[in-house]
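The values are calculated or read from the model by the stated rules, or taken from the named source; none is laboratory data. Nothing here was measured: the structure is a model prediction, and the numbers come from that model. Positions of Cβ are backbone-derived with ideal geometry, glycine not excepted, and every protein chain shown enters the neighbour counts.
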Amino acid sequence: MSPQYDRTRRALLSALASLTVVKMAFPASASANTDNSLKTERTLVIYLSRSGNTRVIAGVIHRSLHSDLFDIEPAIPYPDDYFQTVEQAKIERERDRDLRSPLKSSVSNIERYQTIYLGFPVWGTTLPPVVQTFLTTHNLADKTLIPFITHGGYGVGNSEALLARLATHARQEQPLVIECDQERRTTETVTRWLSTISR
Ligand SMILES: Cc1cc2nc3c(=O)[nH]c(=O)nc-3n(C[C@H](O)[C@H](O)[C@H](O)COP(=O)(O)O)c2cc1C
């Protein structure tokens, strides 16, 4: 081995060694980032919203916690008309739970989330049928479930009790309960106003 070859080899090894140090310095900070992102990835905000009240709250939680977000949607959308939706929800409630409101899509990797925020509006003094479908088709065992509930002035009805029954193996936290605008009231006010306008 020539002295020249030896010098080059030493220089190369020393350069590689310093590269290794730099490389090791990065994973320390990168792993902190990765840990953070893993932590936030484990939180999922799920919600159903028809007229937007629950969606606003879901958005605030999602942005504050940098969580993932899932919008519960029925396979067949509810009617645009409020009163038709009330009727349909009533019919669905009376159906066998297994035949109710299939979902448009499911959360395929629910097992990777540890904490789930679940938001829904009270419908007919209870959990909307499509939220019931969500709960019976996803395994929330051992997850922390934090509900946020909106209603139009009549309270949560039996939605909390039913939620506890359907997500029996989840650790349920105290819900956030907020009274919000009612689509019914807005619809009736606008309809009355329209009828006063001479055409
Ligand atoms: C089909 C239907 C049924 C409802 N039933 C109730 C009820 O039983 N009690 C109540 O306080 N509000 C009821 N509401 C009002 C909603 O719970 C309330 O306006 C809620 O904030 C709507 O949330 P969203 O804007 O996210 O859809 C009902 C609304 C709909 C569309």
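Below are the figures for this structure:
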| read-out | value |
| --- | --- |
| Complete set of residues in the range 162-171 that are more than 16 Å from the ligand (Cβ to nearest atom) and either hydroxyl-bearing (Ser, Thr, Tyr) or surrounded by fewer than 19 Cβ atoms within 10 Å (Cβ to Cβ) (or both) | Ala164, Arg165, Leu166, Thr168, His169, Arg171 |
| Identity of the residue in the range 151-199, farther than 18 Å from His138 by Cβ and of a type in the set (Lys, Arg), that ends up nearest to the chain's Cα centre (by Cα) | Arg184 |
| Tally, over the range 57-96, of residues that are closer than 19 Å to Arg42 by Cα, of a type outside the set (Val, Ile, Thr) and part of a helix (DSSP H, G or I) | 6 |
| Output for the range 124-137, where each listed residue is farther than 19 Å from Leu176 by Cα and more than 14 Å from the ligand (Cβ to nearest atom) | Thr133, Phe134, Thr136, Thr137 |
| Residue in the range 28-47 that is of a type outside the set (Phe, Trp, Tyr), within 30 Å of Thr191 (Cα to Cα), modelled with pLDDT of 95 or more and assigned to a strand (DSSP E or B) present | no |
| Cβ pairs under 6 Å, 6+ apart, first in the range 161-187 and more than 16 Å from Tyr117 (Cβ to Cβ) and in contact (Cβ under 8 Å) with a residue 40 or more places away in the chain, second assigned to a strand (DSSP E or B) and of a type in the set (S, T, N, Q) | Cys180/Thr150 |
| Conditions (1) more than 16 Å from Ile57 (Cβ to Cβ); (2) part of a strand (DSSP E or B); (3) among the hydrophobic types (A, V, I, L, M, F, W, C); number of the one not met by Leu135 | (2) |
| From Ser14, Ser101, Ser108, residue being in a helix (DSSP H, G or I), modelled with pLDDT under 95 and small (Gly, Ala, Ser) | Ser14 |
| Of all residues in the range 138-161 being part of a loop (DSSP other than H, G, I, E, B) and more than 7 Å from the ligand (Cβ to nearest atom), the one that is nearest to Glu92 (Cα to Cα) | Asn158 |
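So that you can scan it fast, the table gives a plain yes or no per residue for (1) surrounded by 12 or more Cβ atoms within 10 Å (Cβ to Cβ); (2) more than 10 Å from the ligand (Cβ to nearest atom); (3) not basic (Lys, Arg):
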{"site": "Val122", "(1), (2), (3)": "yes, no, yes"}
{"site": "Glu173", "(1), (2), (3)": "yes, yes, yes"}
{"site": "Glu179", "(1), (2), (3)": "yes, no, yes"}
{"site": "Thr191", "(1), (2), (3)": "no, yes, yes"}
